[in-house]
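Structure, as structure tokens:
All of the numbers you see were taken from the coordinates with simple rules; none came from a lab. Computed from a predicted model, the values in this text were never measured in an experiment. Every residue, glycine among them, receives a Cβ derived from its backbone with ideal geometry; neighbour counts consider all protein chains shown.
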Amino acid sequence: MRIRKGLAIAAVAALPWWAGAFSLLGPYEAWQTQALGFQLPAPASDLGGPQRIESGGYRWQFPTITYGFTYEFQRYFGTNGMAAVDRAMEIFNSLPRFSLMSPDLREYPEMGMVKVNSRAQADGIFDVKSLAMAMVLEQLGLADPVRFTWVIHHVNPDAAQVGYTNYFVRNMNYDPVTLIQTNRVNGVNYAYRTFWRPQLQGWPYAPFADAFEYANNERPDPSLFLNLPTDLYAVTPYNQDRLPIASQFLPAGYYSRGLTRDDVGGLRYLYTRDNYAFETLPAGVTAATNVVGGGGGYGIYFGTNFTGNTNYTFITATNVLITDGLRAGVDQIRFVRVNYDSIMGVVWPAYTNVYTDIVVSNRTVVNQQVQRVVDTTPDIVFDAQELPVGPTGIPIPLTRTVGFGAQAPSNRVITPPVRLTYTTLYPIFVNDNYLGGQNRLNVWGSFDGSTNAPVIYGFGGASIREYERSVVIGQ
């Protein structure tokens, strides 16, 4: 359970001038089965399911998150690829403290953050930076709010009418200001259609029930309801410029300019200092050394509905750490890159982060200075490996490990390290019986909205012109 001060109360009192939504990501609940469109294997590769807001979601407990690149990533992507990921992290680092953002988040746009580069689209280029942003949002605790606008909770065949089935549907995303359920994401209303997806030839999914989302203003061709493997892909042609970056992985040629209002709103809900949750101090966190003075305590107001004792006292933190208790959100996240040891070149050096842990003890908020040493592996590792080919014959582009495990419901934290892996099978070409020639399929690259030619990776250092000349249809 999360306890929020002030923010939600003020927001409900004055409804916002816009409407949006975020979804929370966590381990699958008992009802989130494959038969209902969850736990899908590659190419969807779900990490978890949407969480109810009353559960509080999953989040990181410390404000500084380290990241680094494996030797394989450096060899395949080079310095340009690492710089592309750095630019993604800079976008997160540019966010101010969540508690200082405006109540309605009007300083963040609901559209225009996703653009298309026509040349990159024609050449099948996936943008490394944009996909890094999507994967990091996922690892920070956000799910795809479009895909999970509507989900099927259970189905019940109608005994009175053979061949008819009742689908029971839930709304699993939330307005970042009012925190109420909504079907509106970055200003776009999403309706749905329920049906049973049959086993499709060539797709790795058994039959399952699905609530197919579509934008009210752009109802798709009904044939899409039967031909697409999962609604994870169904929304990409519609309102692309209004999709939050948390709506997963952009098609070839598309790139992210920054975070949308709904992305920021979801992060603010999880990490604002006004958001308290019962959490256990992470393993390896100790009392900070060489810190002058102790932490201070201050009273906390939990709202008029709080029935506990309101006679708070003020105390000073000691060297005895409070491990279990209500903890505030870290309020601001900073990503720090950790490079390989400059001498050995094969290990990451230790990194020590000192920060203030805010925890409630004996109805008093205590600031305790703690330190966390990352001495073996960064919290987020970017890797490059030859990933397997999916059941449909298409290479799996990405894999991600998950940082939330089987923690107790009262300790919903994300535990590092996590690994984000790009396939090294790109660039790859396809020869089919229909065209008979060699055709470009996909390649990793970096591009934006400028006139600069896209940079491609994994083609022996060749330029995009050489890549484009490498394929001649019919040869």
TODO: Rounded, prolate or oblate: pick one for segment 66-178, where a ≥ b ≥ c are the square roots of the eigenvalues of its C-alpha gyration tensor, a/c under 1.5 means rounded, and failing that, prolate if a/b is larger than b/c, else oblate.
DONE: prolate
Task: Least to most buried among Leu95, Leu100 (fewest other Cβ within 10 Å first) - done: Leu100, Leu95
Task: Net charge contributed by nearby residues that have their C-beta within less than 9 Å of Val114 (K/R +1, D/E -1) - done: +2
Open item on the list: Give me the percent relative contact order of segment 20-140, please, defined on Cα pairs under 8 angstrom at least 6 residues apart.
Closed with: 23 percent
TODO: Please work out how much length the chain gains when fully extended from Arg400 to Asp241, using 0.36 nm per residue of separation minus the C-alpha to C-alpha distance, in nm with one decimal.
DONE: 54.7 nm
Open item on the list: What does the C-alpha gyration tensor say about the overall shape of segment 26-94? Classify as rounded when a/c is under 1.5, otherwise prolate if a/b is larger than b/c, or oblate.
Closed with: oblate
Task: Fully extended contour minus Cα-Cα distance, from Ser94 to Ala350, at 0.36 nm per residue - done: 89.7 nm
Task: Under 5 Å, built H, 5+ apart or other chain: amide partners of Phe195 - done: Asp210, Phe212
Task: Two-site FRET efficiency, Val320 against Arg106, from Cβ-Cβ distance with R₀ of 45 Å, rounded to 0.05 - done: 0.55
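How do Ile414, Ile396, Ile125 rank when sorted from fewest to most other Cβ atoms within 10 Å of their own Cβ?
Ile396, Ile414, Ile125
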Open item on the list: Taking θ = phi - 60°, what integer Hz values does the Karplus form 6.51 cos²θ - 1.76 cosθ + 1.60 yield along segment 61-77, in sequence order, with x for Gly and Pro?
Closed with: 9, 10, x, 10, 10, 8, 9, x, 10, 6, 4, 5, 5, 4, 5, 7, 9
Task: Length gained when the stretch Glu72-Asp375 is fully extended (0.36 nm per residue, less Cα-Cα span) - done: 107.1 nm
TODO: Calculate one ³J(HN,Hα) per residue across segment 447-457 by plugging θ = phi - 60° into the Karplus curve 6.51 cos²θ - 1.76 cosθ + 1.60, and present them in order as whole Hz with x for glycine and proline.
DONE: 7, 8, x, 7, 7, 5, 5, x, 8, 10, 10
Open item on the list: Order these by the 10 Å Cβ neighbour count, fewest first: Arg465, Arg75, Arg268, Arg147.
Closed with: Arg465, Arg75, Arg268, Arg147
Task: Förster radius 45 Å - calculated FRET efficiency between Arg337 and Tyr164 (Cβ-Cβ, nearest 0.05) - done: 0.20
